[in-house]
1. Can you list, bin by bin at 10 Å, the percent of alpha carbon pairs in region B:28-139, starting at 0?
2. At 0.36 nm per residue, minus the direct Cα-Cα distance, what do A:E35 and A:K212 gain on full extension? Give it in nm, one decimal, please.
3. Counting partner chain Cβ atoms within 10 Å of every residue's Cβ in B:223-235, what's the average?
4. Just from the alpha-carbon atoms, what are the Rg and Dmax of region B:153-236 in angstroms?
5. If you roll a 1.4 Å probe over the heavy atoms of the protein chains, what accessible area per residue do you get for region B:28-139, in Å²?
6. Using only alpha carbon pairs under 8 Å that are at least six residues apart, calculate the relative contact order of region B:28-139 and give it in whole percent.
7. How many square angstrom of accessible surface are buried between A and B, both sides summed, with a 1.4 Å probe and rounding to 100?
8. Mind checking the mean number of beta-carbon atoms from other chains within 10 Å of the Cβ atoms in A:76-88?
Protein chains: 2
Amino acid sequence: MTLKALYEHTNCEECPIRHRAVCAHCEKDELEALEKIKYYRSFEAGQTIIWSGDPMNFVGSVVSGIASLTQTMEDGRTQMVGLLLPSDFVGRPGRETAPYDVQATTDVVMCCFRKKPFEEMMASTPHIAHRLLQMTLDELDAAREWMLVLGRKTAREKIASLLSIIARRDASVNKTGITGPIVFDLPLTREAMADYLGLTLETVSRQISALKKDTVITLEGKRHVTIPDMGRLMEEAGDDADGGFLV
Amino acid sequence: MTLKALYEHTNCEECPIRHRAVCAHCEKDELEALEKIKYYRSFEAGQTIIWSGDPMNFVGSVVSGIASLTQTMEDGRTQMVGLLLPSDFVGRPGRETAPYDVQATTDVVMCCFRKKPFEEMMASTPHIAHRLLQMTLDELDAAREWMLVLGRKTAREKIASLLSIIARRDASVNKTGITGPIVFDLPLTREAMADYLGLTLETVSRQISALKKDTVITLEGKRHVTIPDMGRLMEEAGDDADGGFLV
DNA sequence: ATTCCCAATTGATCTCGGTCAAAGTACCAG
DNA sequence: CTGGTACTTTGACCGAGATCAATTGGGAAT
């Protein structure tokens, strides 16, 4: 159970986590070394994993739980700039300090490597460097996709976009494909959703109620979501039914 | 005159462009090969350099002029997701197609390399791969910084943020430092600014007028800007006077 | 059960920025 | 000088989403 996909594959049967990061199970020769320097860290919901501006001496990936990257202005306005789901990579090889806060949204377990040995490993393993570039490009695409959401979409479209992303990500986990209804639990509070979408929590709540009334989604309790028709949701999100990757 | 900074330095006296990309003047041994495969392309203002979704068979950097990365929804709403100033790198090693439109905002000259040989060069030159990762991380930081602008800042703060970025970038070009007044020409129309900031052009115009009235900036004509006090502008932008890199 | 606490919903009102419309300005070609 | 075009400014009005405030709902602990 460590990290993968610094190699080409996107799944490793041996690992309980779907990793998009680095996995030591495959390509044993080069990556066995990673096994030796890995360690686990646990965080409680609400805890700050890394403070913006602090020195950051490890890289790693999320094993379980949800973490978020957030930026905060002096007056308290906050914007979430990324969502870290299990298998997502955290860290910036070659950088000293963290550029944003990383917070545990739920209880989180991370698999970490001290940065120094990881960077040495990177230097001697071109595949890892290459894979890391690809992962960073993915994140960049996701961030830019989200700029469109933040800058130009309506509140309703924003909610639909977020649900769509979580649903798609979830579907890929369960290998369910995207036909038929999709069911999942929202991993975020209304407030966290608001911070991600550049809205207030009241607006988030209202729009979710509206989508429910219009049967775009079904809710059981506050968090358990059913999406009867994924295509419908993506129309609501203003997506042309294929774009919209993100996180 | 080519590209640099796949190496450590951030400036090369021989080159008329400040490059943050790849420059063949330094580290001649490895990079001379780049000289052989480089070529120039010119574009007129308004021209689309690359269409979203099209195959992209080159990488390169802007030599002169301004280009923009934009995403457009079916109904025409557009969001600029990046601004390319001289020396900025364009391209995605390892990716087949372009994820957004690249448009020439002014007349643009680019220095290009066919992707295939560039990627081969990358594979055999770890420094280049490393530098490319660092550049991509910079872009990622910039994109996430901009997410805060788009999601949480007021119209006035957005304008101030944009001016601040252009001013800072411009100051670094002229090695002027950031003391004393800063003078530059806006390289964007009001509409382009609006697309970058997630506003309408009318709001952009109004807020610029307001900043002018409050003597945060001075305007001669429509485009020539003087910033008497950079600190003041950054306060207006809501920045804590050091963050806010971008572009 | 009762209480407490926190997340979420819902309502009433306000406001910033969008929309629609009309001028104003600079630049170019003839 | 004149007309045309593209960019910009300014005004009047409107509405989506923010703000303020009250209420509801659902666990967990007592």
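1. In order of increasing distance, the bins hold 14, 45, 33, 8, 1, 0 percent.
2. Here the answer is 59.1 nm.
3. Partner-chain Cβ atoms within 10 Å, mean over residues of B:223-235: 0.
4. 11.8, 34
5. So region B:28-139 comes to 42 Å² accessible per residue, rounded to a whole number.
6. So the answer I get is 38 percent.
7. Using a 1.4 Å probe on protein heavy atoms, the buried area is about 4100 Å².
8. 3
The values are calculated or read from the model by the stated rules, or taken from the named source; none is laboratory data. Remember, it's a predicted structure, so these values are computed and weren't measured experimentally. Ideal geometry is used to build each Cβ from the backbone, glycine not excepted, and the neighbour counts take in all protein chains shown. Accessible surface is based on the protein model in full, side chains and every heavy atom, while ligands, DNA and RNA are left aside. Shrake-Rupley method; radii C 1.70, N 1.55, O 1.52, S 1.80 Å.
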